[in-house]
1. What nm value, rounded to one decimal, do you get for the distance between B:ARG208 and B:MET353 when each label is placed 7 Å out toward the C-beta?
2. Quick one: helix A:159-183 against the long Cα principal axis of chain A, what's the angle to the nearest 10°, folded into 0 to 90?
3. How large is the Kirkwood hydrodynamic radius of the protein assembly as shown, counting all unique pairs of alpha carbons, in Å?
4. Hey, how many Å between the Cα centroid of region B:308-364 and the Cα centroid of region A:271-294?
5. To the nearest 100 Å², how much accessible surface do chains A and B cover up together, summed over both, with a 1.4 Å probe?
6. Given a 10 angstrom Cα cut-off, can you work out which residue in A:ASP26, A:ASP55, A:ASP117 is the most mobile in a GNM of chain A?
7. Once you charge only the Cβ atoms, +1 for Lys and Arg and -1 for Asp and Glu, what is the size of the charge dipole of region A:2-336 about its Cα centre, to the nearest 20 debye?
8. Once you have a ≥ b ≥ c as the square roots of the Cα gyration tensor eigenvalues for region A:117-257, tell me rounded if a/c is under 1.5, and otherwise prolate or oblate according to whether a/b is larger than b/c.
Amino acid sequence: MEKYQAIWFVLWGVLWAVYFMLDGFDLGAGVLEPFLGRNDDERRVIVNTLGPVWDGNEVWLITAGGATFAAFPAVYAELFSYLYTPLLIILFALIVRGVAFEFRGKEEGAGWRRLWDAAIFVGSFLPALLFGVAFGNIFQGLPMDADGYHGSLVGLLNPYGLITGALFVLLFVVHGSLWISMRAGNGVGERAQALAGKLWYALLVVAVAFLAYTKFATDLYNNFMFFKVMLVLPGAAVLGLLGIKVFQAKGRPGLAFLSSCVTIVMVVFTGLFGLYPRLLPSSLNPAYTLNAFNSSSSEYTLKIMTVVALVFVPIVIVYQILIYRVFRGKLSVEDVKGDTQAY
Amino acid sequence: MDVLTLSRLQFAIVAAFHFIFVPLTLGLSILVAYMETKYVRTGDEQYLRMTKFWGKLFLINFAIGIVTGITLEFQFGMNWAEYSKYVGDIFGAPLAIEATVAFFLESTFIGLWVFGWNRVGKKMHALSIWLVAIATNLSALWILLANGWMQHPVGYVLNNGRAEMVDFMALVTNKYGLLKFGHTLLSGYVVAAFFVMGVSAYHILRKRELEFFKRSFAMAAGFGLVCSVLLAGVGDFHGSNVAKTQPTKLAAMESVWETQSGAPMYLIVIPDPKHERNAVEALGIPKLLSFMSYRDWNAEVKGLKDFPPDDRPPVMITFLSFRAMVGLGMLFILLSLAAVVLSRKDRLERTPMFLRIMLYSIPLPYIATQVGWLVAEVGRQPWIVYGVLRTRDAVSTSISTTQVLGSLIGFTLLYGFLGVVDIYLLTKYAKKGPAA
């Protein structure tokens, strides 16, 4: 039983990490779209680099949610009902963003396009920020006990929650600008690459602040004291962060993007290893903390879900990689204009 | 209003809205995949134009279906936390499997299909829309197995204060869920058939792109006829399965108050739930209800009075929705039969009246699917899991009236706005025709 509970904690972490790695760049690119694109054509190029992949990326969120429900029903129930309002905002944001991609190009008027550009910006920025705020608060623990949840939306916006939110936003915006630098032609890519170089310094400052603050606001480092070998996780995150700058400066967008993938995955792993085996800690009384061992589904259900995950998730990874390969290379304004099916 | 009522209203709104877009996706994905296959096989450019035109409408509809689906997955945890805790062990699995097995496939290959016209070969491109169509339908399977479990829970034991799964195969082979899957799928195909026929009728009436739209119409008419006949057939089996598994729902669907053997079916009924009787019962066909429900002319049909009032669903909504659904279902068979005949004899242009009827019939299958879900969900009340957990015991305890009122207003405004924009775009591109 404990074995499957531990496996599902790991799978749960992998699903979130992959989700942030993938949706991270399209959320980041969405934040940048209205600013990095100087005119409608350039903005269309940015949107169309995301076109083939954003939807498949977002399914990692659905799967992370579904896996939480199936493997840790109590966590799913409490997390989602306690964080009702922030989740609602994330949901509204993802909804307007999704339709904005589809609807933006369906009408010519400048007002119409501006409306959906705004939707893409807001719909990308809020999830990036609020996922960070949510995880920052989970790292600290939520005020919950026998009487349920005692927090509020304003209470979530505490300094540590906000700095985690800022970390997520900057991680994703750098990630997104590296994606654009890899995929967009007509000078947009070059501008994105330069921007990534500048934003990197902001990311570095916030990342350092986050790591230091984590020492005081949470007990995430305790697990690392017992298992020092796991310090490879934050170590890899730091290497990834440095890799971004090195490869960005050398003009190697692909490797820089890969480095930022590593950074995001390792940041998530670092946080979740520090949390293990807890999924939803109580800041009031550890007796009410939900962990992998007191909140999971039955062994039978976990076994079934393990089989499903081990068979199908690799298949998904394979075909998603194939799709990314089909859509490699730079996209130009001419490409987009010549394609009647484009966004 | 309290958290329970507001949460129920909210779930009704977000589920109903989501289900405006899903049925067309289910059916139109198959029609578009078929068109593209014809193009790849024959090289006939007209099929390519058809693929692109109907594909564009498919995508405008698809976008909202996808994003509003996320809401539903979140809803269980946000508003129905007690439910999620109680049944997550068995109910969470089909939802997670749906995402892993179906939703990934659908969302990944839709990207390849939309943006891959110049990047992959013709066959791979056609394959990608087939994968989308298959995945969409597979998605419906897992969702309806989950819903089927709420309707007729199987394969679980009550243990550790919750429902725990003990037999996954029982969940997957739950007859209730499978019949519901068949019924829902076919209803989606009928929605798509009438959508294509209606839009085609609009253009045929204006003598535009006649060859294009007559071919589309003919394809949809055949599809619509086969599916609407099968739909009624599966519906009949589904109904008799409901009789066995959910006697209170059946009694409410037919507004039967007294238990009787050899129960007749009345064509005209006006329920009077206040006095636990029907104000009007006329044109009865003897013993038909017994036969329809149990395949036995003399079988006993349970009346609502046999159940405590606290266990009965709202009769009026269930009854009226069921009647409307069945009536519309019959109409779809007649209309698609006429459509096949007129289309085969190539008389569509000379029957503008019929074309107008088909144009204005576009909303009808949508209405039928919506009232069908009212039968399924309202008829299950007061249970959220039939016979196991009551809806009132399932709602989240940690959310406030203000929060839910706020989200309800938010959803209503946002969805209202998106609905208007979507209908505007669909109408615009449908009217434009394939030339654009």
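The values are calculated or read from the model by the stated rules, or taken from the named source; none is laboratory data. The model shown is predicted, which means the values in this text are computed figures rather than measured ones. A quick note on method: Cβ atoms are made from the backbone with ideal geometry, for glycine too, and the neighbour counts reach across all protein chains shown. Just the protein is used for accessible areas: all its heavy atoms, side chains included, with ligands, DNA and RNA removed. Shrake-Rupley method; radii C 1.70, N 1.55, O 1.52, S 1.80 Å.
1. Label at B:ARG208, label at B:MET353, 2.6 nm between them.
2. Compared with the principal axis, the helix lies near 40 degrees.
3. Details: mean 1/r = 0.0362 Å⁻¹.
After inverting the pairwise mean of 1/r, the radius is 27.6 Å.
4. 54 Å
5. Working: alone 15330 and 19290 Å², together 28610 Å².
So the total buried area for this chain pair works out to about 6000 Å².
6. Residue with maximal mean-square fluctuation among A:ASP26, A:ASP55, A:ASP117: A:ASP55.
7. Working: 22 positive and 21 negative charges, 189 e Å.
I would put it at about 900 debye.
8. Working: a/c = 3.04, a/b = 1.48, b/c = 2.05.
Because a/c hits 1.5 or more and a/b fails to exceed b/c, region A:117-257 counts as oblate.
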